[in-house]
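Have a look at the structure below, then the notes.
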Amino acid sequence: MLSDPVSVGVLLAMAALVYATRAGGYWVMGRVRITPFVESWLGHVPGAALVALLARDVEAGGPAEWATLLIAFGMVHAGVNDALAIGAAVAALAGMRAAGF
């Protein structure tokens with residue numbers, strides 16, 4: 001698969017785009033004064049990106065997906081580390097799917 005020139009070209013183009021995006025982000029943020037508002041906004045970007053990725057699946061899902069959403073939300077609201085809450089929700093979803101929900 002990787003010996004195909006088109007695949008290699010696409011892979012290199014994607015890598016260059018990812019690098020340009022990261023480098024551009026560092027360049028822009030090097031010129032922005034970090035105010036409390038900007039710091040707060042940047043702190044919310046990872047959660048917003050995660051919600052954007054998961055919202056469609058949760059909306060189309062059944063009771064298991066909604067329950068795991070509530071588990072993760074409850075854990076984060078209680079002050080648990082975000083990564084731990086997501087891990088617990090993933091484990092709960094796997095358990096519920098294994099149980100037939």
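The values are calculated or read from the model by the stated rules, or taken from the named source; none is laboratory data. If you're wondering where the values come from, they're calculated on a predicted model, not measured in any experiment. A quick note on method: Cβ atoms are made from the backbone with ideal geometry, for glycine too, and the neighbour counts reach across all protein chains shown.
For the stretch 65-81: of the residues being more than 23 Å from Arg97 (Cβ to Cβ) and assigned to a loop (DSSP other than H, G, I, E, B), which is modelled with the highest pLDDT?
Within the stretch 65-81, the match that is modelled with the highest pLDDT is Ala78.
Identify, by number, the condition in (1) at pLDDT below 90; (2) closer than 28 Å to Phe101 by Cβ; (3) surrounded by fewer than 10 Cβ atoms within 10 Å (Cβ to Cβ) that Asp57 doesn't meet.
(3)
Among residues belonging to the stretch 1-25 that are of a type in the set (Ser, Thr, Tyr) and part of a helix (DSSP H, G or I), point out the one that is modelled with the lowest pLDDT.
Restricting to residues being of a type in the set (Ser, Thr, Tyr) and part of a helix (DSSP H, G or I), the top hit is Ser7.
Which residue pairs have Cβ atoms closer than 7 Å, lie 6 or more positions apart in sequence or on different chains, and pair a first residue in the stretch 47-64 that is in a helix (DSSP H, G or I) with a second residue that is of a type in the set (D, E, K, R)?
Every condition considered, the pairs that remain are Asp57/Glu65; Val58/Glu65; Ala64/Arg97.
Quick one: in the stretch 87-101, which of the residues that are without any contact (Cβ under 8 Å) to a residue 24 or more places away in the chain and surrounded by 13 or more Cβ atoms within 10 Å (Cβ to Cβ) is farthest from the chain's Cα centre (by Cα)?
So, considering only residues that are without any contact (Cβ under 8 Å) to a residue 24 or more places away in the chain and surrounded by 13 or more Cβ atoms within 10 Å (Cβ to Cβ), the one farthest from the chain's Cα centre (by Cα) is Ala88.
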